[in-house]
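Presented below is the structure to which this report refers.
Every number in this text was worked out from the coordinates using simple rules, so none of it is lab data. Treat the numbers as computed from the prediction; the structure is a model and nothing was measured. In this analysis, Cβ positions are derived from the backbone assuming ideal geometry, glycine residues included, and neighbour counts consider all displayed protein chains.
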Amino acid sequence: MTTFERSAGILLHPTSLPGPFGSGDLGAGSYHFIDWLTVAGQRLWQMLPLGPVGMGDSPYMCLSAFAGEPMLIDLQELVKNGWLPEQDLRNHPQFDPQKVHYGDVKQFRMSRLRTAARTFFAGGSKGQMDDFHAFCKKQRSWLDDYALFMALITKYNGAEWSTWDPAIVNRTPAAMKAVRTELADEILFWQFTQWCFFRQWFALKKYANDRGVRIVGDIPIFIAYQSADVWANPHLFHLDKQKKPKFVAGVPPDYFSVTGQRWGNPLYDWKAMHEEKYAWFIERIRTTLELVDIVRIDHFRGFAGYWEIPATEATAVKGRWVKGPGAKLFDAIEKKLGKMPIIAEDLGEITPDVVELRDRYNFPGMRILQFAFAADTKNNFLPHNFVANTVVYSGTHDNDTTVGWFRSATEREREFVKRYAGTTGAEIHWDLIRLAAQSVAVMAVVPFQDVLGLGTDARMNMPGHALGNWSWRFSWDQVQSWHALKLYEITALTNRTAGDRLTLPAYPAGKAQP
């Protein structure tokens with residue numbers, strides 16, 4: 001049994017979209033992509049976490065569990081509002097259309113955001129100012145701490161928060177009052193960025209929803225140490241007297257790494273969370289579900305049991321399994337928020353308690369087709385072994401592209417998938433897209449790289465590698481009209497489009513341009 005509709009979608013983070021300013025954003029490229037999704041019969045747009053990226057430019061190591069990434073703000077909308085001179089967008093570096101170079105992009109975009117903020121606060125209309133202040137009041141539970149945290153990062157030149165002035169580290173009332181006065185203008189700037197992000201995001205989400213496209217968001221189970229949340233709530237984490245992590249998160253040696261993955265996130269003090277009735281986590285889920293229609297919870301197995309690594313260890317090898325909060329957490333969330341549209345990322349070392357927790361709340365789990373051909377026909381990742389309450393992917397952001405995977409697969413794996421799919425493997429990406437669509441899984445999602453048939457160069461992330469990830473972008477020159485037509489046909493024939501329309505839609509010939 002599943003509570004979701006049979007549907008199909010695309011995994012693509014907004015930073016990967018085309019655009020003139022170094023990365024995709026919430027502007028014209030996003031709207032055009034939604035139009036493309038509707039032509040292709042796709043009803044889901046899955047993204048990575050949307051928070052402000054921190055260490056390693058990773059969306060899974062955000063500076064806040066609640067805030068939006070300022071780099072995603074559409075600068076052209078700020079020009080339309082009169083807050084940014086058009087000339088400021090004409091004079092920009094020649095950005096790489098195939099990769100996001102975060103340092104250069106942040107420098108350009110943040111300078112323009114600062115110009116826009118100065119103009120807004122100097123002469124914004126009464127209606128705009130009222131809307132800004134209403135937003136700040138509504139979101140103050142997290143926004144006040146986030147804006148101050150970012151202002152302090154600027155003050156301390158990006159230093160880790162535990163190295164700041166001890167009175168600020170410990171948030172003594174006198175120090176907090178003084179620094180809020182000292183950094184008042186900088187705090188306003190960071191509040192302005194969030195107002196812009198949320199305004200633009202909700203407009204984009206409405207555009208998608210009005211066209212039958214639902215947004216699938218992503219919540220990492222853990223959060224970054226260098227974040228407003230840990231600084232503001234140190235009692236909810238296992239920290240020592242110097243406010244440093246005692247233990248960090250990760251996973252033991254697995255498919256991706258022989259030394260495991262040492263993520264470095266601080267671990268929650270679930271006892272302290274329970275004493276506060278999981279209020280912080282509930283608010284995190286509630287805020288995310290305002291932004292998206294469905295949420296994927298990354299590393300769901302960590303709620304049943306998680307890998308605890310002493311912070312002094314350089315790898316994830318020497319850790320231990322520790323029992324998680326389990327049903328206590330989700331009962332508390334459900335009591336406050338009701339039934340939740342959650343996808344459980346149940347990959348990795350899955351034990352019966354993880355399955356029991358997932359099924360207790362009827363959350364669909366995940367199946368990755370690239371994992372299906374390494375064993376025998378009993379492999380749970382093979383489509384004939386699926387249950388309907390499943391989300392199937394050809395691969396995820398952590399996998400190679402399907403073309404790259406097939407090229408590096410063993411001869412046995414290649415032979416297995418060719419026989420299973422009844423194919424030569426010449427278009428392996430379409431073979432896996434078709435297998436996903438034909439399966440009983442309620443949702444079938446594929447990375448956009450697989451639709452375009454791209455190789456390893458287009459991979460989004462290499463787990464265990466700290467640098468060189470999250471930067472892939474495409475250009476509209478790579479997208480041909482037949483990509484949408486072919487994907488629509490597969491989607492319609494497998495009953496994943498809205499209604500029963502089987503006639504292929506009209507689509508402009510040649511290159512797809514926004």
Listed peptides 134-142, 472-480, 359-367, 388-396 by packing density, highest first (mean Cβ within 10 Å): 388-396, 359-367, 472-480, 134-142
Give the Cα extents of the range 367-421 along the principal axes, in whole Å, largest first. 31, 25, 16
Enumerate the calculated ³J(HN,Hα) couplings along the range 301-313 in order (Karplus 6.51 cos²θ - 1.76 cosθ + 1.60, θ = phi - 60°), each rounded to whole Hz, writing x wherever the residue is Gly or Pro. 4, x, 6, 8, x, 10, 8, 9, 10, x, 4, 7, 7
Taking the Cα-to-Cβ direction at LYS138 and at ALA426 and moving 7 Å from each Cα, how far apart do the two end points lie in nm? 5.4 nm
Starting from the Cα-Cα distance between LYS277 and ARG118, subtract it from 0.36 nm times their residue separation and give me the gain in nm to one decimal. 53.2 nm
Give me, ordered by chain and number, the residues 5 or more places off THR390 or on other chains with an amide H under 5 Å from its own placed amide H. VAL442, MET443
On alpha-carbon atoms, Rg over Rh for the range 5-81 using Kirkwood Rh? 1.01
Between the range 235-266 and the range 309-375, how far is it from one alpha carbon centroid to the other, in angstrom? 16 Å
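What FRET efficiency would be calculated for the residue pair THR163, VAL387, taking the C-beta separation as r and a Förster radius of 56 Å, to the nearest 0.05?
0.65
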Checked the chain against the a/c 1.5 cut and the a/b vs b/c comparison, axes a ≥ b ≥ c from its Cα gyration tensor; verdict oblate
With a Förster distance of 22 angstrom and the Cβ-Cβ distance between VAL355 and ARG320, calculated FRET efficiency to the nearest 0.05 equals 0.55
Taking a ≥ b ≥ c as the square roots of the eigenvalues of the Cα gyration tensor of the range 162-217, is the shape rounded (a/c under 1.5), prolate (a/b larger than b/c) or oblate? prolate
At R0 = 35 Å the Cβ-Cβ FRET efficiency linking ARG180 and LEU493, nearest 0.05, sits at 0.05
What is the gain in length, in nm to one decimal, between THR410 and GLN87 on full extension, counting 0.36 nm per residue of separation less the C-alpha to C-alpha distance? 110.9 nm
Specify whether the C-alpha gyration tensor of the range 33-150 places it in the rounded, prolate or oblate class, a ≥ b ≥ c being the square roots of the eigenvalues: rounded for a/c under 1.5, otherwise prolate if a/b is larger than b/c and oblate if not. rounded
In whole Hz and in residue order, list the ³J(HN,Hα) couplings for the range 339-344 that follow from phi through the Karplus curve 6.51 cos²θ - 1.76 cosθ + 1.60, θ = phi - 60°; x for Gly and Pro. 4, 10, x, 10, 9, 9
Additional length obtainable on full extension of the chain from LYS206 to HIS235, 0.36 nm per residue less Cα span: 6.7 nm
Which distance in nm do the two modelled labels at GLN480 and THR377 give, with both placed 7 Å along the Cα-to-Cβ direction? 3.7 nm
In the range 141-191, what GluC sites (Glu not before Pro) fall in a loop by DSSP, with at most 16 other Cβ atoms inside 10 Å? GLU160
Students often check this: by mean Cβ neighbours within 10 Å, which of 325-332, 190-197 ranks highest, and how do the rest follow? 190-197, 325-332
Just grab the label-to-label distance for LYS336 and ARG6, each label 7 Å out from Cα along the Cβ direction, in nm (one decimal). 3.7 nm
Quick one: which residues, 5 or more positions from VAL248 or on another chain, have an amide H under 5 Å from its amide H? H modelled 1.01 Å from N in the peptide plane, none for Pro or chain starts. ILE309, ALA311
